1. Of the numbered conditions (1) under 23 Å from I46 (Cα atoms); (2) assigned to a loop (DSSP other than H, G, I, E, B); (3) of a type outside the set (D, E), K259 fails exactly one; give the number of that condition.
2. Name the pairs whose Cβ atoms lie under 6 Å apart, with the first residue in the range 84-99 and part of a helix (DSSP H, G or I), the second open to solvent by 80 Å² or more (accessible area, probe 1.4 Å) and not hydroxyl-bearing (S, T, Y), and 6 or more positions between them or separate chains?
3. What about G258, is it at pLDDT below 95 and either within 16 Å of ligand 2 (Cβ to nearest atom) or open to solvent by 40 Å² or more (accessible area, probe 1.4 Å) (or both)?
4. Please work out which residue is farthest from I133 (Cα to Cα), limiting yourself to the range 190-230 and to residues that are among the small types (G, A, S) and either open to solvent by 30 Å² or more (accessible area, probe 1.4 Å) or away from ligand 1 (no atom under 16 Å from the Cβ) (or both).
5. Name every residue in the range 231-255 that is open to solvent by less than 30 Å² (accessible area, probe 1.4 Å), touching a Lys or Arg at 6+ places or on another chain (Cβ under 7 Å) and among the charged types (D, E, K, R), in order of residue number.
6. Can you name every residue in the range 127-146 that is outside any loop (DSSP other than H, G, I, E, B) and over 19 Å from W216 (Cβ atoms)?
7. Where residues in the range 35-44 are buried (at least 24 other Cβ atoms within 10 Å of the Cβ) and more than 7 Å from ligand 1 (Cβ to nearest atom), which of them is nearest to L228 (Cα to Cα)?
8. How many residues does the range 405-453 hold that are surrounded by 14 or more Cβ atoms within 10 Å (Cβ to Cβ) and within 30 Å of E389 (Cα to Cα)?
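The values are calculated or read from the model by the stated rules, or taken from the named source; none is laboratory data. From a predicted model like this one, the values you see are computed outputs, not experimental measurements. For neighbour counting, all protein chains shown are included, and Cβ atoms are generated from backbone atoms with ideal geometry for every residue, glycine included. Note: accessible area is taken over every heavy atom of the protein model, side chains too, but ligands, DNA and RNA are not part of it. Shrake-Rupley method; radii C 1.70, N 1.55, O 1.52, S 1.80 Å.
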Amino acid sequence: MELKLYNTLTRKKENFKPLIGNEVRIYTCGPTVYNYAHIGNFRSYIFMDNLRRVLKYNGYNLKHVMNITDVGHLESDADEGEDKMEKAAKREKKNPYDIAKFYTEAFFKDMESLNIEIPEIIAKATDHIPEMIEYVKKIIENGYAYETSKGIYFDISKLDKYPVLSNRKMDEQIAGARVDVDPEKKNPYDFALWIKAPENHIMKWESPWGLSYPGWHLECTAMGNKYLGEEFDIHTGGVDHIPIHHENEIAQAKGATGKIHAKLWMHVEFLQVDGGKMSKSLGNVYTISQLAERGIEALAYKLFCYSAHYRTKLNFTFDGALSSQKALNRLREGYLKHLKGEDEVKNEIIQEYETKFLETINDDLNIPAAMGIIWDIVRSEQKSKKYAELLEKFDQVLGLDIKNSQRYLEKQSNIEIPEEIKELIEKRKIARQEKNWKLSDEIRDILVKKGYQVEDSKEGMIVKKI
Ligand code: AMP
Ligand code: ZN
């Protein structure tokens, strides 16, 4: 059956076919490890997981690279400000390498709790400095870059077309470039491939251009080229990467090889919180463990993400996520009922579901519609082991770890609540009745410190052990 995927480059859904044989070569822009990844970041990796699983479900083998950006991502994507890693090192009074190690480990722990498959190749930027230097040299040799006192810059005016990915016109792209233009740059929108390190910059390497470090855009293009070759199948990232990061990646690949390196460019829309942007100042940049503190499992967040197609914005609210937690439990209970069921179900019905499911996921990963099929099966009056097996099969794509339903449900119900905790819960109940939200939140924080989380729902307060 045909697999259709939307390509940002052509703005069309295209029939997918790998460039070579049965192997799909993919590059995903990975995290910048200067802080905990937030739930918005994880929306993009849940999308990545769905893509991987759908491709595998269609019988393809994968060679998938994801980078870890541990140097060179400046505060603004357009080469402005301080290196995020160095800034974090100052903030936490640590070495940037320790910062990278700590947040990389935290990232993979969250990935595991989300049951996200890890790409075949994880490429850390700082492990690939020699390859990156070679890539910059190629761009310079081909006449697409020049040196200034600050670094090596890509000369955009040498390209036949820029931008190609975003639908923006060149003057809009220029307007997006910084106002305070560096007089050494030939064009205001030229960007840094390689950055000469200031005195106090810790992460720096010997290079033909002195002690310096790679630019973020360059890292991805050079590492993709190393593992996947000059042309590969799919490149993924969030929509924020369209106008700058991926545009500049394409410029670099054209400068080095004359070609756009990926055939298909896939971008996941943003997660918003309470209808707006996530931002530190609003205090709404949540992590996976902060959701857990409020009684929302990582997998419930994954299910929450399935309420919208990856190309539409998704609005996060705690109420919505708590509903997903309940839905996940209903899904688990439904699966277990089928597992014990003995009703007869005709093979044609199973076949029909299989075809419908494949059609749906192959329509540009329509996971929300695929969930509709899952609920149909879960709610079926007839209880049958065949349905349970079908749910397990479909879970190869959804990655909700349905097989372990029993274990998750037991973990949630097996709690004995000590007297002291019961008293606190009672006090919180009264505070809420009196609409004393401040006191109610304070008690909730004390409960969390003592290892219990409370979840407020229409049915009342639910208490869980963390
Ligand atoms: P970063 O660690 O900043 O390089 O981002 C990692 C990934 O998360 C990138 O693919 C971003 O495009 C993506 N991303 C960042 N914020 C959001 C968001 N609010 N919703 C969805 N994806 C996001
Ligand atoms: Zn990238």
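1. Status for K259: all satisfied but (1).
2. Once the first residue is part of a helix (DSSP H, G or I) and sits in the range 84-99, its partners that are open to solvent by 80 Å² or more (accessible area, probe 1.4 Å) and not hydroxyl-bearing (S, T, Y) give P96/I202.
3. Values: at pLDDT below 95: no; either within 16 Å of ligand 2 (Cβ to nearest atom) or open to solvent by 40 Å² or more (accessible area, probe 1.4 Å) (or both): yes.
So G258 fails the test.
4. G229
5. D233
6. E141, Y146
7. F42
8. Matching residues across the range 405-453 total 4.
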